[in-house]
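Enquirer: Take this structure, written in structure tokens, and hold onto it; I'll ask about it next.
FYI, it's all coordinate maths here, none of it is from the lab. As the structure is a prediction and not an experimental result, all values here were calculated from the model. Quick reminder, even Gly has a Cβ in these numbers, built from the backbone with ideal geometry, and neighbours come from all protein chains shown.
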Amino acid sequence: MNVTMKRCVAAFGILAATAAAAGAQQARVGPKWQGWVGCWTASAPGESAFISAPSSGPIVCITPSASDDAADFTTVDSGKVVSTQRIDASGAEVPVDAKGCKGVQRATWSADERRIYLHSASTCDAVKSTTSAILAISASGEWLDIHAVKSYDSDNVRVARYRDAGIPAGLPPEIASVLRERSASSEAARMAAGADIGTAAVIEASRAVDSLAVAAWLMEREQHFNVDAKALVQLAEAGVPGAVTDVLVAASNPGVFQLARASQQNDRSTTIYTDAGQRRRVSAMGVPYDPWSWGSLGYGYPLGYGFSSLGYGYGTLGYGRYGYGGYGYGYGGYYGGYMPPIIVVTNGQAQSRGQMVKGRGYTQTQGGSTGTASERPRSTYTPPPPSSASSGSSSSSGSSSSSSESPRTAKPRP
Amino acid sequence: MNVARSFLAIALAMAIPAGALSAQVAGNGYLFHTPSVTVSVRGGYSAATAGSDVFDDVTRQLTLNKRDFGSLTLGGDVGFRITSKLELTLDAGYSRSSHKSEFRNFVDNNDLPIEQTTTFERIPLTANLKLHLAPTGRSIGRLAWIPSRFVPYVGGGVGVMSYRFRQQGDFVDFNTNAVFTSNLDTQEDGRDWAFVQQAMAGVEYNFSPMFGLTLDARYLHGRGNLGTAFTGYDRIDLSGASASVGLSMRL
């Protein structure tokens with residue numbers, strides 16, 4: 001009898017465990033970390049996601065952990081592991097303590113398990129800051145790392161993009177072997193994670209993280225939306241801020257608006273690569289990877305966003321140029337950073353106002369400053385080799401060389 | 001008919017360039033900005049009260065009824081947004097009745113009717129405050145403004161009216177029974193002006209972000225001088241009620 005009872009209990013236990021496992025399997029609705037698994041290198045906006053990775057320079061390799069919710073972020077430079085950080089998106093609050101900064105961090109999955117919302121609060125040298133961030137995959141398979149940082153009364157948004165670096169030679173074998181096993185599934189998961197989003201995702205993100213981060217995320221996705229009045233009302237009634245709906249309106253009407261990153265003239269901590277053909281400025285930051293701010297590894301956009309002064313009398317609007325406090329959500333400190341998305345009213349093309357003055361000829365009277373409205377990045381742009389990113393310069397200085405766009409001038413006809 | 005054709009032409013003239021403009025200023029169900037100006041045209045019917053004694057005499061002696069002084073009307077206004085519910089409109093209208101008649105009680109010595117034409121023309125120019133009884137629309141962010149589907153309104157204003165009351169044709173001299181031809185006009189040079197007040201109510205039906213249909217009813221009150229051609233009469237009653245359908249465009 002006892003034996004029978006034990007067998008029954010054992011069988012019940014197996015059944016229960018199987019059911020629980022099956023339930024857990026069924027509960028999984030998205031790719032979770034699978035889309036992130038792999039090695040990543042910094043990517044400039046507009047850079048093709050399919051060009052080969054640079055042969056040198058730091059990369060971040062993301063490997064799965066025993067938990068579905070957690071993954072390890074390992075920075076590797078020249079074949080050596082620089083640091084490892086575990087991100088646990090289970091929603092558990094995790095204490096962090098690094099580089100004289102203390103605080104807590106909490107990461108959660110989006111409902112579709114395609115994005116991670118991350119919050120942190122930290123104190124570094126008595127300076128408090130909070131960060132909310134979105135980690136997402138773009139439609140082209142890039143990893144978007146978008147942080148909104150608040151410190152004192154200053155707000156700042158910073159974006160970093162990463163593209164797949166494959167499995168570089170010289171990768172530590174324990175990481176390389178894990179990635180080889182996962183490469184096929186990662187590809188499919190990445191596609192799933194980067195699929196188009198709808199208003200539900202926007203509402204969820206707006207509730208989860210700072211609106212500045214959401215606005216930047218929507219812009220960086222480069223997804224064409226088609227929001228109508230009904231959707232806008234739904235978004236507004238769900239509490240989605242105007243800064244976010246403005247981006248959706250702009251992305252829904254590309255013939256009228258152009259989302260752009262405005263250039264920031266004085267960014268001393270970055271190397272500016274200039275693509276004169278597209279009037280787009282991209283900065284690469286030669287900053288070693290920091291365990292608490294992996295976003296500062298590579299290309300960031302120290303490019304402010306602001307409204308252009310063109311078009312229908314919106315005037316020179318802007319969300320304001322926020323000073324950057326130098327504190328990431330982590331503890332290393334970011335370099336650069338940019339302002340929230342702007343919407344440029346294109347109205348065909350930018351025009352400045354001018355007049356013809358007797359005795360003086362033509363003169364420009366208003367607007368038309370070159371370089372403030374950047375074109376939407378295209379996938380044909382190939383930046384120079386990121387030599388500065390591999391230079392190993394100190395995290396506080398970065399690289400200082402820069403090239404700027406030459407203003408268009410006239411000269412007498414020969 | 002001319003008034004109706006004019007209304008149609010103006011509405012089309014408004015709609016055709018606006019259609020091209022629409023793609024630049026409106027998205028899918030919303031404008032890219034809160035409209036600050038609304039331009040409307042309307043057409044309908046304006047009934048004249050015809051309450052003064054000059055109308056009494058005319059309708060008694062000639063084959064005219066008071067409703068003959070009513071006519072199709074054409075109007076338009078430009079509205080400037082003051083608040084989300086309040087609008088200042090500058091309004092113009094035009095109505096003109098012209099009817100042939102004959103003496104009810106007299107014919108000439110050939111048994112032919114003694115005919116004349118009576119014209120009553122009114123052009124009110126008013127400034128009005130229009131109070132929308134519901135929000136005209138809703139701003140979402142800075143780049144989207146969604147119009148409300150139905151917006152009732154009431155309003156009122158003051159202004160001036162250019163008017164003309166004219167009779168041309170043959171008339172009977174009651175002193176001599178002679179039939180004479182004459183032109184009796186408000187003033188020697190035609191028009192005269194009077195102060196008017198009006199009250200209005202209506203509803204706007206917004207069928208697109210830029211365009212709406214308006215059903216409008218209004219009553220205008222005013223009295224004006226009659227010139228020396230109409231001696232001894234009270235001031236002419238310029239009042240009347242009108243109902244119209246309009247097309248409005250938000251800018």
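Enquirer: Enumerate by residue number the chymotrypsin sites (Phe, Trp or Tyr not before Pro) in region A:124-164 meeting two conditions: DSSP loop (anything except H, G, I, E, B), and at most 16 other Cβ atoms within 10 Å of the site's Cβ.
Expert: Sparse-neighbourhood loop chymotrypsin sites (Phe, Trp or Tyr not before Pro): A:Tyr152.
Enquirer: How far apart, in nm, are two points set 7 Å out from the Cα along the Cα-to-Cβ line at A:Ala200 and at B:Asp189?
Expert: The modelled label-to-label distance comes out at 7.4 nm.
Enquirer: If you don't mind, there's one more thing I want to ask. For A:Val249, what is the net charge nearby, where nearby means another residue's Cβ is under 13 Å from its Cβ and Lys, Arg count +1, Asp, Glu -1?
Expert: -1
Enquirer: Fewest Cβ neighbours within 10 Å first, please rank A:Met219, B:Met249, A:Met191 accordingly.
Expert: A:Met191, B:Met249, A:Met219
Enquirer: Could you line up B:Tyr219, B:Tyr153, B:Tyr163 from fewest to most neighbouring Cβ atoms inside 10 Å?
Expert: B:Tyr219, B:Tyr153, B:Tyr163
Enquirer: Additional query: Based on DSSP H runs of at least 4 residues, each adding -39500 (n - 2.57), what is the mean residue ellipticity at 222 nm of chain B after dividing by all its residues, to the nearest 500 deg cm²/dmol?
Expert: Helix-only estimate at 222 nm: -4500 deg cm²/dmol.
Enquirer: Output wanted: per-residue J couplings in Hz (rounded whole) for region A:162-173, from phi through Karplus 6.51 cos²θ - 1.76 cosθ + 1.60, θ = phi - 60°, x for Gly and Pro.
Expert: These are the phi-based 3J(HN,Hα) values: 9, 10, 5, 9, x, 10, x, 5, x, 5, x, x Hz.
Enquirer: May I ask which of A:Lys128/A:Lys230; A:Lys80/A:Lys102; A:Lys80/A:Lys128; A:Lys80/A:Lys150; A:Lys32/A:Lys150 have a Cα-Cα span longer than 31 Å here?
Expert: Cα-Cα > 31 Å for A:Lys128/A:Lys230; A:Lys80/A:Lys128; A:Lys80/A:Lys150; rest within.
Enquirer: What net charge do the residues around B:Asp237 carry, taking every other residue with its C-beta under 15 Å from that of B:Asp237, with Lys and Arg at +1 and Asp and Glu at -1?
Expert: -1
Enquirer: Compute the acute angle (0 to 90°) between the alpha-carbon long axis of helix B:2-25 and the principal axis of greatest extent of the alpha-carbon atoms of chain B; round to the nearest 10°.
Expert: Taking the Cα atoms of chain B, the angle to B:2-25 is about 10 degrees.
Enquirer: Additional query: Below 9 angstrom from the Cβ of B:Gly29, what's the summed charge of the other residues (Lys, Arg +1; Asp, Glu -1)?
Expert: Neighbour charge sum, excluding B:Gly29 itself: 0.
Enquirer: Just rank B:Phe106, B:Phe171, B:Phe150, B:Phe165, fewest to most, by other beta-carbon atoms within 10 angstrom.
Expert: If I rank by nearby Cβ atoms, fewest first, I get B:Phe150, B:Phe106, B:Phe171, B:Phe165.
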